[in-house]
Amino acid sequence: MGSSIVDTIRERLTAVRRRIEAAAGRSGRAAESVTLVAVSKTMPVEAVRAAVAAGATILGENRVQEARDKIEALAGAAEWHLIGHLQTNKAKLAVGLFDRIHSLDSIRLAHELERHACEAGRRVRCLVQVNVGGEEQKNGASESEVRPLLEAASRLPHLLVEGLMAIPPFLSDAEAVRPFFRRLRVLREELASDGFVLPDLSMGMTQDFEVAIEEGATLVRVGTAIFGPRDG
């Protein structure tokens with residue numbers, strides 16, 4: 001592993017953490033209240049290994065099978081989060097690989113995760129993905145589906161739902177995305193009034209994570225600002 005790639009990623013990580021600290025400060029929060037997920041999707045194993053060497057402790061992947069090779073190669077070097085859509089036929093593999101799943105979006109998937117988690121003798125930490133923009137091409141539960149999903153998940157002993165996740169519409173102006181982040185936070189507050197304890201909000205990526213933090217994000221998923229532009 002070349003020291004130059006480690007140094008480059010370390011510098012980028014430092015810059016991102018400074019931006020997190022500044023955004024948290026603007027919203028009256030401690031930087032420690034925001035967890036950075038370094039999104040390593042499409043990145044080769046060597047780049048991910050360099051990120052770990054540079055200080056990344058939590059890595060986010062979109063695809064179960066792509067992540068498997070990286071997780072096996074790095075063997076316990078970091079915490080792994082699944083941030084992409086999870087098909088029910090990949091639930092067993094996901095349960096065995098990931099420390100946290102951000103993309104629980106249906107009661108059917110909840111039951112599949114429960115079944116495989118029970119077989120594995122573990123409890124799966126999850127976030128419910130909400131389609132805050134109502135976009136047909138995006139995954140995630142609609143707002144009307146969130147309560148029934150949470151109610152169903154609460155009856156499954158091997159699932160622990162810890163919050164909500166959203167991928168809002170992609171807009172070049174980060175301020176234009178703010179209402180979607182705010183809506184996820186308000187939804188969390190509405191659910192809290194019904195007794196659902198959902199401490200985490202996973203929202204915000206390279207182009208808008210500072211606005212997401214200002215609106216209450218506790219996890220931000222940052223890839224390009226850490227690893228550089230992706231091919232394609």
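A few remarks follow.
- Qualifying residues in the stretch 113-125 (those that are in contact with a strand residue (DSSP E or B) (Cβ under 8 Å, 6 or more places away or on another chain) and assigned to a helix (DSSP H, G or I)) - the one surrounded by the fewest Cβ atoms within 10 Å (Cβ to Cβ): GLU114
- The set of residues in the stretch 15-35 that are surrounded by fewer than 21 Cβ atoms within 10 Å (Cβ to Cβ) and in contact (Cβ under 8 Å) with a residue 60 or more places away in the chain comprises ALA15, VAL16, ARG19, ALA22, ALA24, ARG26, SER27, ARG29, SER33, THR35.
- Residue match in the stretch 209-224 (condition: in contact with a Lys or Arg (Cβ under 8 Å, 6 or more places away or on another chain), more than 26 Å from ALA31 (Cβ to Cβ) and crowded, with 21+ Cβ neighbours inside 10 Å): no
- Any hit, the stretch 37-44, residues being at pLDDT 95 or above, among the hydroxyl-bearing types (Ser, Thr, Tyr), loosely packed, with under 14 Cβ neighbours inside 10 Å and not in a strand (DSSP E or B): no
- All of GLY28, GLY96 fail the test of being modelled with pLDDT of 95 or more and at positive phi, apart from GLY28.
- Entry remark, the stretch 189-232: residues being in contact with a helix residue (DSSP H, G or I) (Cβ under 6 Å, 6 or more places away or on another chain), under 17 Å from ILE83 (Cα atoms) and of a type in the set (Asp, Glu) number 1 in total.
- Qualifying residue in the stretch 104-125 (condition: under 12 Å from the mean Cα position of the chain (by Cα), of a type in the set (Gly, Ala, Ser) and modelled with pLDDT of 95 or more): no
- The criterion of at least 2 residues that are under 21 Å from VAL222 (Cβ atoms) and under 17 Å from the mean Cα position of the chain (by Cα) is met, among helices (runs of 4 or more DSSP H) falling completely within the stretch 45-100, by 64-74.
- Of residues in the stretch 36-67 being among the small types (Gly, Ala, Ser) and in contact (Cβ under 8 Å) with a residue 60 or more places away in the chain, the one farthest from ARG12 (Cα to Cα): GLY60
- So LEU187, is it under 18 Å from ALA141 (Cα atoms) and aliphatic (A, V, I, L, M): yes
- Among (1) buried (at least 21 other Cβ atoms within 10 Å of the Cβ); (2) more than 21 Å from THR35 (Cβ to Cβ); (3) among the hydrophobic types (A, V, I, L, M, F, W, C), the one test that LEU86 misses: (2)
- Unmet criterion (only one of (1) of a type outside the set (Phe, Trp, Tyr); (2) buried (at least 16 other Cβ atoms within 10 Å of the Cβ); (3) within 19 Å of SER154 (Cβ to Cβ)) for LEU97: (3)
- In the stretch 153-173, the residue that is farthest from HIS81 (Cα to Cα) out of those that are surrounded by 17 or more Cβ atoms within 10 Å (Cβ to Cβ) and among the aliphatic types (A, V, I, L, M) is LEU156.
- Test: residue in the stretch 187-194 that is surrounded by fewer than 17 Cβ atoms within 10 Å (Cβ to Cβ) and of a type in the set (Lys, Arg): no
- Here ARG185 does not qualify as under 14 Å from the mean Cα position of the chain (by Cα) and under 21 Å from GLY84 (Cα atoms).
The values are calculated or read from the model by the stated rules, or taken from the named source; none is laboratory data. Not measured: the values here are computed from a predicted model. As a convention, Cβ positions derive from the backbone with ideal geometry for all residues, glycine included, and neighbour counts pool all protein chains shown.
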